[in-house]
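Here's the structure, in structure tokens; my notes come after.
The values are calculated or read from the model by the stated rules, or taken from the named source; none is laboratory data. As the structure is a prediction and not an experimental result, all values here were calculated from the model. We place every Cβ from the backbone using ideal geometry, glycine too, and count neighbours over all the protein chains shown. Keep in mind that these areas ignore ligands, DNA and RNA; they rest on the heavy atoms of the full protein, side chains included. Shrake-Rupley method; radii C 1.70, N 1.55, O 1.52, S 1.80 Å.
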Amino acid sequence: MKRRDFLATGALAATLPWHARAAQPSPAGEVAASAWGSAELRQLGAWDAHAHVGTPGATPAKRMEYLVRIADRVGVERMCIFMSPPWQYEPTPEQFRKSNDDVLAVLKEWSSRAFGFVYLNPTHTRASLDELERCVADGPMVGIKLWVGCHCNRPELDPIVKRAAELDAIILQHTWIKQRGKGNLPQESTPMELAELSARHPGVPLICGHTGGGDWSLGIRAIRSRSEIHADLGGGDPVYGEVEMAVRELGAARVLYGSDVHGRSFASQLGRVLGANLTVAEKRLILRDNLVRLLRPALKRKGITV
Ligand SMILES: [Zn+2]
């Protein structure tokens, strides 16, 4: 497609509601570049399990507007958002409350496109539980994001997981296995630690952020025996074979498309799924249906039917 046509198509798309855009025929010349291409993706409307509103903009809502323009272009209908910048490895309660305030500001204007996950640091257990009440029990958020503030096999997480289960709020825990440099950050979790946490809370669904990232082949195997843990594909390098291995070892119902935008792009991470050697039915599960299933109980509590 010529650049001018491409820009025109994007501008048109941004002015139309989602369902109307989905019904638009593909513009001439927009031939699917992958085994399952852009027209099918727009028709489906991907749900992204892992997004940050760190794009340019004067306010959180303006930053989200920028992100939505890109999402419209590539066929992402909904995204789970959390952790507004600046990024803080071990945030104080004041810092994570400020970050969550930004996400709440986004949700005020963009609840049609975004689901909010509350950012907590379990080291501050009481303050985290209070923030969970503010943002999920009494607020519009539907999940929890845990980053690198506290190893996720520590007992401080137990009351948070318990309360999350009562609220049907799914937890996305960042995990990584660094292969280079000095290794993981001091409080950074691994998929093995997430499997330990899961064993203490059988039946509670969890999302393994990045699925180990640097060494995803180990990460996938580390969570294999815990059927409650779902693999987030977001964030790592778009390496050949990862998506196929996750489906082979875990089953397609446990694999989730996530971009980790804006650290990564929607498009590069979508491409890993679209180009994978999988059936269309498996791609539909990964790109949308699994996340719909996981979020449905929490959304129902908020009166949102999907
Ligand atoms: Zn992230």
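Quick look at the values:
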item: Helix 3-15 vs. the chain, principal-axis angle (Cα, 0 to 90°, nearest 10); result: 60 degrees
item: Glu109 accessible area, assembled protein chains, probe 1.4 Å, Å²; result: 130 Å²
item: Rg over Rh [alpha-carbon atoms, Kirkwood Rh] for the range 78-189; result: 0.97
item: DSSP-loop chymotrypsin sites (Phe, Trp or Tyr not before Pro) across the range 148-244, with at most 14 other Cβ within 10 angstrom; result: Tyr240
item: Dipole magnitude (debye, nearest 20) for the range 224-306, charges at Cβ of Lys, Arg, Asp, Glu; result: 520 debye
item: Residue-averaged [θ]222 nm for the chain, counting only DSSP H segments that reach four residues, each worth -39500 (n - 2.57); result: -12500 deg cm²/dmol
item: Electrostatic dipole magnitude of the range 166-306 [Cβ: Lys, Arg +1; Asp, Glu -1; Cα centre; debye, to 20]; result: 300 debye
item: Net charge of Cβ neighbours under 15 Å - reference Ala252; Lys, Arg +1; Asp, Glu -1; result: +2
item: Extreme residue, positive dipole direction of the chain, given options Val204, Ile171, Leu278 (C-beta unit charges); result: Leu278
item: Chymotrypsin sites (Phe, Trp or Tyr not before Pro) within the range 39-114: DSSP coil, no more than 12 neighbouring Cβ in 10 Å; result: Tyr89
item: 5 angstrom amide H check on Val255, placed H, neighbours 5+ away; result: Ala231
item: Student exercise, the chain dipole from Lys, Arg, Asp, Glu Cβ charges, in Debye to nearest 20; result: 540 debye
item: Net +/- balance of residues flanking Gly275 in space, Cβ distance below 11 Å, scoring K and R +1, D and E -1; result: +1
item: Heavy-atom accessible area per residue - the chain, 1.4 Å, Å²; result: 43 Å²
item: Protein-only accessible surface order, largest first, of Met245, Met192, Met141 at 1.4 Å; result: Met192, Met245, Met141
item: Sparse-neighbourhood loop sites, trypsin sites (Lys or Arg not before Pro) in the range 117-194 - DSSP loop, at most 12 other Cβ within 10 angstrom; result: Arg180, Lys182
item: Charge-dipole axis of the chain as Lys and Arg at +1 and Asp and Glu at -1 on Cβ define it, positive-most pick from Pro91, Gly234, Ser111; result: Ser111
item: Cα long-axis angle, helix 60-74 against the chain (0 to 90 degrees, to the nearest 10); result: 50 degrees
item: Karplus-derived 3J(HN,Hα), 6.51/-1.76/1.60, for each residue of the range 83-100, Hz, glycine and proline x; result: 6, 7, x, x, 6, 10, 4, 10, x, 6, x, 4, 5, 6, 5, 5, 4, 5
item: Amide proton proximity set for Ile144, modelled H, under 5 Å, gap of 5+; result: Val118, Ile170, Ile171, Leu172
item: Kirkwood Rh, Cα atoms: Rg over Rh of the chain; result: 0.95
item: Rg followed by Dmax, in Å, when the range 142-273 is reduced to its Cα trace; result: 13.9, 40
